[in-house]
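Take a look at the following structure, please.
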Amino acid sequence: MLQSLVNGILLGGLYAIIGIGMSLVFGIMRLTNLAHGDLMILATYTTLTIVTSVTGNLWIAVAATILVMVALGFLIQNFLVNRVLDKGSEPALLVTFGVSIFISNFLLKVFGADNKIIQNSLASKNVISTEHLSISAMYLFSFLVGIAVILSLHYIMQKTYFGRSIRATSCDRMAAELNGVNTKRTFSYAMMVAMVTAAIAGVLVGSTFVFYPSSGTQYLIIAFGVVVIGGMGSLVGTLVGGIVLGVAQLMGGHIFGSAYQMLSGYIVLLLILAIRPNGLLSVGARK
Amino acid sequence: MKLKLLSKGTYGKPLCFLVIMALLVTLPYWSGEYVVSIMMLILLYMAMGQMWNLMAGYAGLLSLGMQAFIGIGGYSLAVFSTTYGLNIFVSILLGGIFSLIFAFFISPALFKMSGVYFAIGSWVVAESLLLWFSNWEFVRYAQGINITSAYQFDTVDLYYIALVVGVAAALVVYLLLRSKSGLALMAMRDNSSAAETLGIELYKTKLRCYLISSFMMGIIGGAMYLYQAYILPSAAFSIGWTVAVTFMVIIGGIGTMEGPIIGAVLYVLFNQYLYQFPGISMMILGVTAILIILVAPNGIMGTLHNKTGIEILSARRNVG
């Protein structure tokens, strides 16, 4: 019980990074990026490929992956999403759906359907290992990285010109443009930041769990769950959402058996959505 | 300048539909088995497209979870007709009824969400069903069920079943749109707050659409699995159904009745063609969908209609 609770909280940190990119994109351009999970898994495969065939150093591979994902984020935003964003939310949603289908099938074609994992030194270690409680080093590391990413994003959003332009655009796009913010460029920057978080999340997920080309769907739902529970566009809410979902899954798995782990997470998500359709921490209705 | 196609005089349109229906009914007598099986798929996908379009194009309910009902329909067919030995058509009908009941029970929760929340909420419901069925002994977990009762049908039988389902789906949508709730639906599609101000009960109208589509989707799922004859949770509740249906309606034209028909024809033929490229067919599908949204966000029919005013299957009333 205690074990599930602790692991659930730690897992929540990882879930928060999975969701934060989606939350950022939704907060600023009201776009649900249905390709978020697949982009994240794409980052996982990119890291894996660089580690196994270019350099053995995981850190270099992570840095390279982040660069690749940022470039990809820029391309997707500039050439696909920005073009349809003015035509209402549905075309943009469907464009990201198309990207999602493309990426997952591309991964299937290139890497095959077998499960993979990124080898690392933390995966098999335990920080604490007693009879009642053991804490995996990887879980703890993911949690700490999650907190660090959220804190630094929070700082960027509050203290820098870039963050202010993002917040201004998300509050009132017209007013932001009148004040000299190039909102389409801001959208691109936001997508690039989201891709940095997706790359980091992808590497952490790939080092913690096995993954398949089709894993994107599962993580998209987790990202969505995190964002919805926490309230779309709220950074602190993302962490709360991650922890709620992580604890719900592991406690559900503990009580009903591990087969029902994901299912209990989904059901808690649906319940929260039904009771508070705008998220736990949302301030009023944001449409 | 508005062109009115196929509507010269009062008799042009009904005559045209009679000819098309006659061709469809007699198809197995004058064409090969391959054409019949392709037409069967087109009819089933068209039916799915009509139902998804009814929700997304008219009621403003963009659902990514219609595979929930395909799965329920398929599993009802499998369980009732093979395990309990019930009549096949009764089993398919039960699939529709179970879909309806399920839709009714989740609707209070789902309908609190709007827009993207609804889209993904409905997807999470479908994913939950996938997980539930994969862990349910009653449906043999994730091992799947052979629908042995479906073996008695040949391609021609399956084609006629698909024809009934397809025509029923199109007819349901057509009649619904021509009725009073159709007017309400179109008013909602064009401007939901204006529609509400004029006294349209948004919730009730949306719920009616959702229940009708769910019921029909369950039936279509049954018919589809009569053809597949083997059901797996991961395939029956796969997001792939929604991918297909979204693709069809988008390229055909969302919010039009012709859209799903054109979309289904293109999708099935395109898919047959893509069989030559195993592995990359879905990638090509994704890219095509993106390109079409970039070039013609209203789909083929929408763009045609905007440019020329052509409407083939108009749900509008003609005055005078």
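The values are calculated or read from the model by the stated rules, or taken from the named source; none is laboratory data. Quick caveat: nothing in here was measured; it's all calculated off a predicted structure. We place every Cβ from the backbone using ideal geometry, glycine too, and count neighbours over all the protein chains shown. For the accessible areas, the whole protein counts, side chains as well, though only heavy atoms, and no ligand, DNA or RNA atoms are used. Shrake-Rupley method; radii C 1.70, N 1.55, O 1.52, S 1.80 Å.
With a 1.4 Å probe on protein heavy atoms only, tell me which residues of the range B:116-149 lose at least 30 Å² of accessible surface in the complex relative to the chain by itself.
Going by heavy-atom accessible area, the residues of the range B:116-149 that drop by at least 30 Å² are B:Val116, B:Tyr117, B:Ile120, B:Trp123, B:Val124, B:Glu127, B:Ser128, B:Leu131, B:Trp132, B:Asn135.
Report the net charge of residues surrounding A:Gln158, where surrounding means a beta-carbon distance below 15 angstrom and charges are Lys +1, Arg +1, Asp -1, Glu -1.
Net of charged neighbours comes to +3.
Just report the Cα centroid separation between the range B:164-211 and the range A:125-157, whole Å.
50
Kindly compute the accessible surface that chains A and B hide from a 1.4 Å probe when together, both sides summed, and give it to the nearest 100 Å².
For chain A against chain B, roughly 3500 Å² becomes buried.
Only helices at least 18 Å long along their axis, Cα-based, and averaging -1.0 or more on Kyte-Doolittle count here, so list those DSSP H runs from chain A.
Qualifying helices, which must be both long enough and hydrophobic enough, are A:2-29, A:36-53, A:58-75, A:89-111, A:137-159, A:183-208, A:215-230, A:235-256, A:261-275.
What length, rounded to one decimal in nm, is gained on full extension from B:Ser37 through to B:Lys307, with 0.36 nm per residue of separation minus their alpha-carbon distance?
93.7 nm
Additional query: Enumerate the aspartates and glutamates that A:Lys116 could reach by cross-link, defined here as Cα to Cα under 17 Å, with residues fewer than 8 away along the same chain left out.
Counting by Cα, and skipping residues close in sequence, A:Lys116 has these aspartates and glutamates nearby: A:Asp38.
Shifting gears a bit: How large is the accessible surface per residue of chain A, computed with a 1.4 Å probe and reported in Å² as a whole number?
About 41 Å² of surface per residue is accessible.
Could I ask something else about it? For the protein assembly as shown, with all protein chains present and a 1.4 Å probe, just round the carbon and sulfur fraction of the accessible area to a whole percent.
68
How large are Rg and Dmax for chain B when only the alpha carbon atoms are used, in Å?
19.5, 62
Rounded to two decimals, what is Rg over Rh for chain A when you use alpha-carbon atoms and the Kirkwood radius?
Rounded to two decimals, Rg over Rh is 0.96.
Could you sort the peptides B:96-103, A:157-164 by per-residue average Cβ neighbour count (10 Å cutoff), highest mean leading?
The most tightly packed comes first, giving B:96-103, A:157-164.
From the helices alone, meaning DSSP H stretches of at least four residues, give me the mean residue ellipticity at 222 nm for chain A, per-run term -39500 (n - 2.57), in deg cm²/dmol to the nearest 500.
The helix contribution divided over chain A gives -24500 deg cm²/dmol.
What does the convex hull of the Cα atoms of the range B:111-259 come to per residue, in Å³, rounded to a whole number?
About 129 Å³ per residue, rounded to a whole number.
Per DSSP helix of 4 or more residues, -39500 (n - 2.57); summed, then divided by the residues of chain B. What does that give at 222 nm, rounded to the nearest 500?
-23000 deg cm²/dmol
Taking 4 °C and 1.567 mPa s as the conditions, I'd like the Stokes-Einstein D for the range A:1-156 in µm²/s, using the Kirkwood hydrodynamic radius from alpha carbon pairs.
Once the numbers are plugged in, D ends up at 73 µm²/s.
May I pose another question? At a probe radius of 1.4 Å, what is the per-residue accessible area of A:Phe106, in Å² to the nearest 10?
Its heavy atoms expose roughly 80 Å² to the probe.
So, one more: So, in Å, what gap is there between the alpha-carbon centers of the range B:59-80 and the range A:215-254?
When both Cα centres are located, 26 Å separates them.
If I take all pairs of Cα atoms in the range B:167-208, what percentage of them are more than 16 Å from each other?
33
With a 1.4 Å probe and all protein chains kept in place, how do A:Met191, A:Met262 rank by accessible area, largest first?
Descending accessible area places them as A:Met262, A:Met191.
For labels at A:His132 and A:Lys159 in the simple 7 Å Cα→Cβ model, what's the distance in nm?
The two pseudo-label positions are separated by 4.0 nm.
On a 19 Å Cα-Cα criterion, which of the cross-link pairs B:Lys180/B:Lys206; B:Lys180/B:Lys204; A:Lys87/B:Lys206; A:Lys87/B:Lys180; B:Lys13/B:Lys180 come out too long?
The answer is A:Lys87/B:Lys206; A:Lys87/B:Lys180; B:Lys13/B:Lys180.
So how exposed is A:Arg173, as accessible area in Å² (1.4 Å probe, rounded to 10)?
80
For the range B:13-161, compute the orientation-averaged projected area of the C-alpha convex hull (one quarter of its surface), in nm².
11.0
Obtain the radius of gyration and the Kirkwood radius of the protein assembly as shown from its C-alpha atoms and give Rg over Rh.
Here the Rg-to-Rh quotient is 0.98.
Related question: Rg and Dmax of the range A:55-117 over Cα atoms: what are they, in angstrom?
Radius of gyration, then largest Cα-Cα span, for the range A:55-117: 15.1, 46 Å.
Roughly speaking, what is the centre-to-centre gap between the range A:195-213 and the range B:135-155 when only Cα atoms are used, to the nearest Å?
36
Order B:Asp157, A:Asp86, most accessible first, counting only protein heavy atoms with a 1.4 angstrom probe.
Solvent-accessible surface, decreasing: A:Asp86, B:Asp157.
Taking each full run of DSSP H in chain B as one helix, which ones are at least 30 Å long along their axis (Cα atoms) and have mean Kyte-Doolittle hydropathy of at least 0.5?
B:88-110, B:155-178, B:202-228
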